[in-house]
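Here you go, one structure.
The values are calculated or read from the model by the stated rules, or taken from the named source; none is laboratory data. Predicted model, so just to flag it, every value in this text is computed and none were measured. Neighbour counts run over all protein chains shown; Cβ positions are idealised from the backbone, glycine included.
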């Protein structure tokens, strides 16, 4: 029977080629547009650190001064999204978190002594040693620098696999050295690539700006007068503040004042450790409030990676608005197809009447018409999956290069597309088929 | 064959209830050729729709070939209709997009016959009505009489025990009408029960028995001898 | 004569079909009015004048291989050589690329009235004496820097001690001191205002970020030191090749990088808005096409369904025009109901967007405009099918089907 219905459906589609292709196209465009936006939203909300979601937390403190604080960049929760060096160093003293890191982005000209590779400016992550343990980045060769390198200047470096491949053809390069801004740094370890997209660990430079292939120890700041390759906002008020003229003093002034430029993550696997850490932070805050380093009331936020993505607004409001518009558009397309199918099928109601008289049951008529509308729906859905690839191509042209690299459909979004297409075709197909199977055969025979 | 007892059918709108049939009783024996006449609006079509299981009824009982129709599900009724009843309409009701062969094929498909069986039955039925040569024609390519013969072939293909004809000659000229009538009589002589609704007294008289419906009731039961 | 009564009764009998079109028209209006408004809003944002000669500017950065800091003398030499190239109008340095949306910002405070200090977030742009001509800024009053003004604060957190003067855009001067107040000679963050230029955007384009620009003559040797080159019209692309070559020749031991026209920075800074405009425009075109074609298809189907009825009407004396009018009126009626519902829907959609996504409220004019557009769409879409239906011969009435 299925073959017979299929045959009838195909015949019916062929009989009205314009209307049928209009319906197919409509559904396809609707599915494609909404899928394009759903994919965009999906890749932007991708949490590369989902596995550590209940273990690691980004820390924010209410550390801005009470003065006109417009220049202190805050997140949706009203807290500055970066910490000062002074705060970070104090928190690193705590032994409560299993791992904890302070870090920032930096950049330097990278070259080799023998000039084998073309010098290039590279983004670098300056971090305390727990970075690899906290984010779960495995070492291929060597190991992380010593704890001491987080405090004193030791010219050591960890490379990731792609960087090692580019500079040393992937050999075990531990013990060799690279030059950063002309100064040699000894390689102590090679790690796997760590590049979640969006870069959850550091979203301060855009959704994709936080990944780096070169890691430097945290103890180098004073030796290099390191400033972040990114955002630093200072919130300094009060009388008699004199900015030193001596460069070393100047740098010290930045390190010890309310200049916000560091990201801070803590690994707190248990509720107890979390409570203990919050107590520790509270204690530190209140102590520093006494000497006016903090001026505001105590507020903090510990955000899991997924909360951090949300808080940083990685999926922009624009993307959300577009997604809703696209889904509304899909509804328009589905309604449009239902209306067309209904009109088309009702035109065939006299045929349905004859078939009923000749012994077709109501469910037979329903099946036959459902197959016809389902055929159109599925053709539309399949075409829609194709079109959504065009849509994604269009989006890739519009977004930044980093973003474009991830705006592809994956198994998840393709599954959603197929489901959406099926749903659209079922919605578009079921109602008209049901309507026509409900019409009384006596009625449609009489109206002949 | 057909046994209707005290059938009632009421059409209701919000304000009016129309009694299309009231206390309608009729027995048709196997092999009979019964004509049903009556003025417009008397309930002829309603009777036909109920007899053909196209519409439910509100009261009474109806047995078709010994099977009580009341309480059957839609698919059971459809199956019964498919196996026992052949329909012939005034407007032929051939499906315009299907050729004659495929039109005759329709009830056989719902019957679930295999391909060879269907082909044999279609060819037989078309041969019976003299349209073997027209199998590949579309309905619109045939004359009215030919179309009605094709419709009869379609009704016969499933070898139903019972043929329901609704003004079968209403849209045909005299010559064609006579041909169709002769065909029906021939079919009846081979054992198929026929109930024919008509307003043409001439045709009605050619049946073995004529029933008049007036105001939803059987007015007269005159037994007539076969011609 | 319009036959509203019969049309309404016919529609009521076919209410599912009509209802679907009504909902579709309403949703279409909802999408079109909101999308059109956002598109227009963003376009206005993007097209705001920048006040600088962005079309003829490009920038580049230098990365030294041995020492991360650039030497002032080298920079002066480089810029002098660049200015000598034919086609170059002027060249200067800055602490960032114009319109790149990254730079240095700081709160500027007018403390003339110690009880009521006025604080404004300011784009702090470091450049030299050539900055005015290179960016194409227009001086309103006072003067821009001269070569001796340059200071060498180790970072941009200068407290003004070694800055000889500060130049403000008029916007910033207005915000700090009041509209059109003469600000020459006033003290700001420890230095004296020496000039005012016409409103301009320099580092930031973000609407709600910095209010104005304060220029300081300050050489800060760090990563983000940027060379800015202004070209004669039409010379940009060839100079973007020539200048890096020249710089590489002057000192091969460095990387010349990020050679980009300023328009590219502008594009990037507005990328979010540009993509929104493009995506919404495409969505609008698609929704209008789908709805338009849907109405075409539906009117065709309904027309075919009623061929016999039309034939009878024709036989009873209806003119072609009357038949067309019947169909157009029917269509207009449906779209009109849809549009009225659509107004409510548009406002509801907009309300959601305002509440959850920080969009602004939809002005009435956009709703009115979109209402007209959707009505017109319905009318146009029904035109051809209605005309086709009017071609039905009156003879059809006498023919049996």
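Could you look through region A:289-306, keep only residues that are touching a residue at least 12 places away in the same chain (Cβ under 8 Å) and in a helix (DSSP H, G or I), and pick out the one that is farthest from the other protein chains (Cβ to nearest Cβ)?
By that ranking, first place goes to A:305.
Inside region A:312-323, can you point out the residues that are facing chain C (nearest Cβ under 8 Å) and part of a helix (DSSP H, G or I)?
A:317, A:318, A:320, A:321, A:322
Given the condition within 30 Å of residue C:256 (Cα to Cα), more than 14 Å from chain A (Cβ to nearest Cβ) and surrounded by fewer than 19 Cβ atoms within 10 Å (Cβ to Cβ), answer yes or no: does some residue in region C:60-70 qualify?
No, the conditions are met nowhere in region C:60-70.
Right, next: Check residue B:42 against each of (1) at pLDDT below 85; (2) surrounded by 23 or more Cβ atoms within 10 Å (Cβ to Cβ) and name the one condition it does not meet.
For residue B:42, the failing item is (2).
For residues that are away from every other protein chain (no Cβ under 13 Å), in contact (Cβ under 8 Å) with a residue 24 or more places away in the chain and either crowded, with 19+ Cβ neighbours inside 10 Å or under 19 Å from residue A:5 (Cα atoms) (or both), tally how many sit in region B:96-124.
4
Continuing with this model, one more query. Which condition number does residue A:72 fail, the rest of (1) more than 12 Å from chain C (Cβ to nearest Cβ); (2) at pLDDT below 90; (3) not in a helix (DSSP H, G or I) being met?
(1)
Please note which helices (runs of 4 or more DSSP H) are completely contained in region A:338-426 and include at least 3 residues that are surrounded by fewer than 20 Cβ atoms within 10 Å (Cβ to Cβ).
Per the criteria, A:362-398, A:401-404.
Name the single residue that is surrounded by the most Cβ atoms within 10 Å (Cβ to Cβ) among those in region C:9-30 being more than 10 Å from chain A (Cβ to nearest Cβ) and closer than 14 Å to residue C:327 by Cβ.
C:11
This table checks each residue for (1) modelled with pLDDT of 85 or more; (2) in contact with a strand residue (DSSP E or B) (Cβ under 6 Å, 6 or more places away or on another chain); (3) closer than 30 Å to residue C:99 by Cα.
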| site | (1), (2), (3) |
| --- | --- |
| C:276 | yes, no, yes |
| C:291 | yes, no, no |
| C:303 | no, no, no |
| C:307 | no, no, no |
| C:340 | yes, no, no |
| C:351 | yes, no, no |
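Taking residue A:223 as meeting all but one of (1) over 26 Å from residue A:64 (Cα atoms); (2) surrounded by 15 or more Cβ atoms within 10 Å (Cβ to Cβ); (3) within 14 Å of chain C (Cβ to nearest Cβ), write down the number of the exception.
Here residue A:223 meets the rest and fails (2).
Out of all the residues in region C:49-59, is one or more within 14 Å of another protein chain (Cβ to nearest Cβ), touching a helix residue (DSSP H, G or I) at 6+ places or on another chain (Cβ under 7 Å) and buried (at least 21 other Cβ atoms within 10 Å of the Cβ)?
Among the residues of region C:49-59, not one is within 14 Å of another protein chain (Cβ to nearest Cβ), touching a helix residue (DSSP H, G or I) at 6+ places or on another chain (Cβ under 7 Å) and buried (at least 21 other Cβ atoms within 10 Å of the Cβ), which makes the answer no.
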